[in-house]
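Asker: Starting off with a structure, shown below.
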Amino acid sequence: MSTYHDLEERKPYQYMHICYYHQGELAMAVQSAYTFLVANPEDKDILQSLNWYMTRNGYSDEMLIDMERKDHEAKFINGVEAYDEQDWGRCVHEFESSLEKTILQDEKCRILCQDKIDWSVVEGNPEIDVLIASMRASVVRCEHNCLYKLANINGHYVGNLLAAHFEYLHFCHFKLQRGAEASQAVANYLLFDDNPLMKRNRYFYEKQYKKPELFTPSPEILEVFKRRKLEERYLDFMEKRFVVKDGELPPEQADDRNPLSMDFHVEDDFDYSQVASLISQPECKILRAQIDTRERDVFVKELEERVKRLWPNSSFSTVSCGRDTREAKCPRAIVFSAESDDCGEWLGKWYTGCVVVFCDKKEILA
């Protein structure tokens, strides 16, 4: 297992770059150092070596090649590039290709897990049923972790990799005037993360297209979601109910022999109809006050309670006014306009004018 983990962490490149440099092969030394750095971005020694190589005669940025870059990574990076360049057609093509390759790479990783048993979890367990259950849990844990490993894109962890694809795809589809595809991308995203910013996109699209039935996840992504949920339930059960301590299992509970639930909640039951009535015109006027007043402080606390009914983990962040374009500081922002012409409108993370911002503190497992 140690050799396998060393290869996963690209340990050979930690030595190869030195060998290549002493052989006079600067390009291969740079590529090896960079390949190791992508998987180990916190390694100060390799970063120092790479910075030193950059000062050598003959160095060029074209040498910065990740020799272990997987197909889904390359496509994801291409998709981000197309998004930044506002090439919406290419954006859709690259991200859909990346998604396909991600799912394929996940399957390959899962196959490898079949003989990657963590024997430490079965050490000292004499009973055959405990041994078998512990081995199975080790395999399932490895399988479930595959997507986490694949989410390291060019040295940056992107969080929930599947959701990250749909975060781009919905907007690129929208720009191509593909309402059905944009709506389905939103529904796919919300299976994995109920981020208020994506719920705001659903709110916007539903107002635009007036067809709630468009927000139906794709069958393939739905199957991935169900499998991951079932794995989470199994691993949670094993961690809580199947822990050997002092050579003994915990006392059996009444539901220990019940099968795992096969029910999966996939409907978005958020009450979008409540959003429009959160703030009234007179209350927007209070928020637009040039200076802090007691009246505004009192109302902000009241508004926070209203928002908490929809987002229980939310808290007030700021009230601000300005003509410049600003970005909400929290990753799960809930932003409402306080302008007279669109008072109470639910906005995205980029905004202008007077707004009130709340932050959802809910933690999402990637």
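Asker: Per q in 0.12, 0.13, 0.14, 0.15 Å⁻¹, report the Debye log10 I(q)/I(0) for the stretch 2-63, using one uniform scatterer on each alpha carbon and no solvent.
Answerer: Computed log10 I(q)/I(0) values: -0.26, -0.31, -0.36, -0.41.
Asker: What number, rounded to the nearest 500 deg cm²/dmol, is the helix-based mean residue ellipticity at 222 nm of the chain, given -39500 (n - 2.57) per DSSP H run of at least four residues and division by all its residues?
Answerer: Estimated from H runs of four or more residues: -17500 deg cm²/dmol.
Asker: Multiplying the sequence separation of LYS226 and TYR59 by 0.36 nm and subtracting their Cα-Cα distance, what value in nm do you get?
Answerer: 55.3 nm
Asker: Considering only C-alpha atoms, what is the centroid distance from the stretch 7-27 to the stretch 153-219, in Å?
Answerer: 41
Asker: Starting from the Cα of GLU327, step 7 Å along the direction of its Cβ; do the same at SER273; then give the gap between the two resulting points in nm.
Answerer: 3.7
Asker: When the convex hull of the Cα atoms of the stretch 273-366 is projected onto a plane and the area is averaged over all directions, what value comes out in nm²?
Answerer: 6.2
Asker: Please work out the FRET efficiency for the pair LEU176 and ARG257, using the Cβ-Cβ distance as r and a Förster radius of 51 Å; give the result to the nearest 0.05.
Answerer: After rounding to 0.05, the efficiency reads 0.45.
Asker: Continuing with this model, one more query. Pull up the cross-link candidates among the lysines for LYS240, meaning alpha carbon to alpha carbon under 17 Å and not fewer than 8 places away within one chain.
Answerer: LYS229
Asker: Work out, step by step, the length gained on full extension between GLN290 and PHE264: first 0.36 nm times the residue separation, then minus their alpha carbon distance; give nm to one decimal.
Answerer: The GLN290-PHE264 span can extend by a further 4.5 nm.
Asker: For the stretch 196-343, state the semi-axes of the equivalent ellipsoid (square roots of 5 times the eigenvalues of the alpha-carbon gyration tensor), sorted largest first and rounded to whole angstrom.
Answerer: Working through the eigenvalues yields semi-axes of 43, 22, 13 Å.
Asker: What do the square roots of 5 times the Cα gyration tensor eigenvalues come to for the stretch 42-117, in whole Å, largest first, as semi-axes of the equivalent ellipsoid?
Answerer: The answer is 29, 24, 9 Å, longest axis first.
Asker: In nanometres, what is the gap between the two model label sites at ASP341 and TYR148, each 7 Å from Cα along Cα-to-Cβ?
Answerer: The two pseudo-label positions are separated by 4.9 nm.
Asker: Then there's this: Residues of the stretch 136-165 with backbone nitrogen within less than 19 Å of a virtual label 7 Å along the Cα-to-Cβ line of GLN114, please, listed as ranges.
Answerer: Backbone N within reach: 136-147.
Asker: I need the shape label for the stretch 71-221. Rule: rounded when a/c is under 1.5, else prolate if a/b > b/c, else oblate, with a, b, c from the alpha carbon gyration tensor.
Answerer: Cα axes put the stretch 71-221 in the prolate bin.
Asker: Can I ask one more? What pairs in LYS329/LYS361; LYS285/LYS361; LYS149/LYS226; LYS207/LYS301; LYS175/LYS210 have C-alpha atoms more than 21 Å from each other?
Answerer: As for pairs spanning more than 21 Å Cα to Cα, those are LYS285/LYS361; LYS207/LYS301.
Asker: Considering Cα pairs under 8 angstrom that are at least six residues apart, work out the relative contact order of the chain and quote it in whole percent.
Answerer: 11
Here, each number is a calculation from the coordinates, and none is a lab measurement. Worth saying up front: this structure is predicted, and the values here are computed from it rather than measured. Neighbour counts are summed over all protein chains in view; Cβ atoms, including those assigned to glycine, are modelled from backbone coordinates with ideal geometry.
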